[in-house]
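Only one structure is covered here, and it is reproduced in the block below.
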Amino acid sequence: MNLEKMVGLKRRERVNVQDLDLQETVVYINRISKVVKGGKRFRFSSIVVVGDMKGYVGVGHGKGPEIADAIKKASENARKNITKIGVIDGTIYHEVTGKCSASKVFMKPASKGTGIIATNKIRAILEYAGIRDILTKSLGSNTAINLVYATLDGLLKLKDADWVFKRRGIEKKVSEKGKKVEVKSKERRVKSEE
């Protein structure tokens, strides 16, 4: 499945997978049966999460006649869809809600030592992204694939402070000691109505 279609975001940049030390886990396996003349035919679908535990994570969905085929396809798909996630001190920058279909996932930064408070489907993405402390709440549908993609959608919506300053036209200056931050806005010219 294509990440842009599921999450609805097209601002991803391609990541070179060979430079990363990736680990993967199977989040969900589903058996699908089709009733045909003479019995039932079974197929399998799986969801795989791939990440390096340092801010890069990818999600893949695969289908096949055997479990091994479904996992292999999902793993290849996840490696194609690896994205960079903003992590600061083991947590996220700010509160965010991710949405996919009827599922919503609310995520909130947590203090050190809190751990990952989440369901096992959401936990897999957060762990492989390198997040260690976070509070989450699943809202709406609890379908596995929608929860996984809603979590990824929320993580891709995160904005760091530098991005916000740049977007608003604000300059940030750090003092010599590196502790104080001075924020100065650029002068804006206002057209007078004549």
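The values are calculated or read from the model by the stated rules, or taken from the named source; none is laboratory data. These numbers were taken from a predicted model, which means no experiment stands behind them. Cβ sites come from the backbone with ideal geometry, for glycine too, and all protein chains shown count toward neighbours. Only protein heavy atoms, including side chains, enter the accessible area calculation; ligands, DNA and RNA are left aside. Shrake-Rupley method; radii C 1.70, N 1.55, O 1.52, S 1.80 Å.
Could you pull out every residue, at least 5 positions away or on a different chain, whose amide H is within less than 5 Å of the one on GLY130? Hs are placed 1.01 Å off N in the peptide plane, and Pro or chain starts have none.
So GLY130 has HN proximity to MET53, GLY55.
Across the range 137-145, in residue order, what do the Karplus-derived ³J(HN,Hα) couplings come to in whole Hz, using 6.51 cos²θ - 1.76 cosθ + 1.60 with θ = phi - 60° and x for Gly and Pro?
Once θ is set to phi - 60°, the couplings for the range 137-145 become 9, 8, 10, x, 5, 10, 5, 4, 5 Hz.
For the range 130-136, what does the Karplus curve 6.51 cos²θ - 1.76 cosθ + 1.60, with θ = phi - 60°, yield as ³J(HN,Hα) per residue in whole Hz, taken in order and with x for Gly and Pro?
Calculated HN-Hα couplings, in order: x, 8, 10, 10, 6, 10, 9 Hz.
Roughly how many percent of the accessible protein surface of the range 79-144 is carbon and sulfur, given a 1.4 Å probe and a whole-percent answer?
Working: 1600 of 3230 Å².
On the range 79-144, the fraction of accessible area on carbon and sulfur atoms equals 50 percent.
Can you give the extra length, in nm with one decimal, that the chain gains between LYS63 and SER101 once fully stretched, where that is 0.36 nm per residue apart less the Cα-Cα distance? Mind dumping the intermediate values first?
Working: separation 38, 0.36 × 38 = 13.68 nm, distance 2.00 nm.
Going from the current span to full extension adds 11.7 nm.
Using a 7 Å offset from the Cα along the Cα-to-Cβ direction at both ILE117 and VAL36, what is the distance between the two label points in nm, to one decimal?
Simple spin-label model gives 4.9 nm for this pair.
Long-range amide H contacts for ILE85: which residues qualify at under 5 Å (H placed 1.01 Å from N, peptide plane, sequence gap of 5 or more or a different chain)?
TYR56, VAL57
Can you compute 3J(HN,Hα) from phi for each residue in the range 20-25, using the Karplus curve 6.51 cos²θ - 1.76 cosθ + 1.60 with θ = phi - 60°, rounded to whole Hz and x for Gly and Pro?
With coefficients 6.51, -1.76 and 1.60, one gets 9, 9, 8, 10, 9, 8 Hz.
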